[in-house]
Amino acid sequence: MNIIIAKSYDELSRKAANFIISQVTLKSSSVLGLATGSTPISTYSYMVKKFKEDEVNFEDVISFNLDEYIGLGKENNQSYRYFMEENLFSKVNINENNINIPNGLADDIEKECISYEERIKNAGGIDLQLLGLGRNGHIGFNEPNVKFEAITHKVELDEDTIEANARFFESAADVPTEAISMGIKTIMMSCKVLLLASGKNKAEAVKALVKGPITPSLPASILQLHRDVTLILDEEAASLL
Ligand code: GLP
């Protein structure tokens, strides 16, 4: 595991953007796995900046987002589709047809999960998967006590995740309780993984991810077995290492 400790959230974001841009520079048709949450927001801003400065071209990039809330569509400002449009897609030249995000409004969620996984396979698999980290150690929406062998599937959100994500909604009661998420197996099959964590409230999860036992109760701990993982942390998130 390659661990990079940045002095600040800003430095973390610049390094992460450069990492992703290098991937796209080396392979213009890269398949990127993308993440939501507050952590990657500034990474996406730096990617937009570099695009505007003509330093990166997203024309041939294919993207697959990790997850989406069930019941929220792209017009809902809390959906991950909306988030991605706001923070990245509408600001760079990615081709609309190359954007993939699970459809949280699908009539048949089971079928949507199967087809999402197939689309990833048909694209040749994910070259670089970006991840945030839940304070309970979740990645995507793979909550504690996850099945490591799971592929894209429907998940019930953990109480802690609902509470953590309530800050984006009017109240905790408005946070959807279910989501579609790539599974741990989907994530582990990516060629490269880049995980970002910022702030004191992630320090325990970072410590368990790096030093703890590999256990379904801390889903991110499985990354210890991935062959090409980079963590970019700020000093607070790395404070217990
Ligand atoms: C959500 C997302 C995760 C994300 C996590 C952490 O639950 N499903 O993909 O990593 O939140 O979010 P934040 O970066 O806001 O702490």
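The values are calculated or read from the model by the stated rules, or taken from the named source; none is laboratory data. Not measured: the values here are computed from a predicted model. With ideal geometry, Cβ positions are generated from the backbone for all residues, glycine too; neighbour counts draw on all protein chains shown.
Data for the structure
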{"read-out": "Residue identified as crowded, with 18+ Cβ neighbours inside 10 Å and without any contact (Cβ under 8 Å) to a residue 60 or more places away in the chain among Ala203, Ala220, Ala208, Ala197", "value": "Ala203"}
{"read-out": "Count - residues of segment 50-77 that are more than 16 Å from the ligand (Cβ to nearest atom) and not in a loop (DSSP other than H, G, I, E, B)", "value": "4"}
{"read-out": "Leading residue by the ranking (surrounded by the fewest Cβ atoms within 10 Å (Cβ to Cβ)) among those in segment 1-39 that are of a type in the set (Val, Ile, Thr) and part of a helix (DSSP H, G or I)", "value": "Thr25"}
{"read-out": "Any helices (runs of 4 or more DSSP H) falling wholly within segment 130-241 and containing at least 1 residues that are within 10 Å of the ligand (Cβ to nearest atom)", "value": "159-165, 203-211"}
{"read-out": "Flag if Leu26 is free of Cβ contacts under 8 Å to residues at least 24 places away in the same chain and either on the phi > 0 side of the Ramachandran plot or hydrophobic (A, V, I, L, M, F, W, C) (or both)", "value": "yes"}
{"read-out": "Test for Tyr116: is it farther than 24 Å from Thr230 by Cα and either in contact (Cβ under 8 Å) with a residue 60 or more places away in the chain or within 15 Å of the ligand (Cβ to nearest atom) (or both)", "value": "yes"}
{"read-out": "Odd one out for Val61, checked against (1) closer than 30 Å to Thr177 by Cα; (2) at pLDDT 95 or above; (3) under 18 Å from the mean Cα position of the chain (by Cα)", "value": "(1)"}
{"read-out": "Exclusive hit being closer than 25 Å to Lys27 by Cβ and touching a strand residue (DSSP E or B) at 6+ places or on another chain (Cβ under 9 Å), set Ser79, Ser90, Ser63", "value": "Ser63"}
{"read-out": "Some residue of segment 139-156 being more than 17 Å from the chain's Cα centre (by Cα) and closer than 21 Å to Ser38 by Cβ", "value": "no"}
{"read-out": "The one condition in (1) buried (at least 23 other Cβ atoms within 10 Å of the Cβ); (2) under 15 Å from Leu130 (Cβ atoms) that Ser42 fails to fulfil", "value": "(1)"}
